[in-house]
Amino acid sequence: MRTTLRCPKCNFHEIISLASIPDRVGDAGSYTKPVALGQQAKEVLWGLGTAFERTHLVQACICRRCGYMEHYIDSPETLDVSKIAGAKILVGEPDAFR
């Protein structure tokens, strides 16, 4: 959908593109952060601990007619699946959907 600009469900040609999806964080959703997958350890000031920074922003395309939505991440080949709880790689036949 993001490359064809056509909905695969209803074939409509108007697609809403979201470069990032906001997620409410904090008490009563006091601020938003973009939804992301993957984490990269990052040392906090002067060795006071470790924080994690999100590495792969989740993007979306939404059909303006039927509301069908697809999610994408940037650079999927660099995502460390072993660090995502419950994630696994499924392998199908090469070119099975082409």
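The values are calculated or read from the model by the stated rules, or taken from the named source; none is laboratory data. Only a predicted model underlies this, so the values are computations on that prediction, with no experimental measurement involved. Glycine also receives a Cβ, built like all others from the backbone with ideal geometry; neighbour counts cover every protein chain displayed.
Structure data summary
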quantity	calculated
Selection from region 67-98 of residues that are within 23 Å of residue 2 (Cα to Cα) and polar (S, T, N, Q)	75, 78
Verdict on residue 9 being of a type in the set (Lys, Arg), modelled with pLDDT under 90 and surrounded by 12 or more Cβ atoms within 10 Å (Cβ to Cβ)	no
Wholly enclosed strands (runs of 3 or more DSSP E) of region 20-70 bearing at least 1 residues at pLDDT 60 or above, surrounded by 10 or more Cβ atoms within 10 Å (Cβ to Cβ) and polar (S, T, N, Q)	31-34, 36-43, 50-63
Cross-chain or 6+ apart pairs with Cβ under 6 Å, region 76-94 first and farther than 14 Å from residue 58 by Cα, then of a type outside the set (Gly, Ala, Ser) and surrounded by fewer than 10 Cβ atoms within 10 Å (Cβ to Cβ)	81/89
Count of residues meeting criterion [in contact with a Leu (Cβ under 9 Å, 6 or more places away or on another chain), at pLDDT 80 or above and in a loop (DSSP other than H, G, I, E, B)] in region 71-95	3
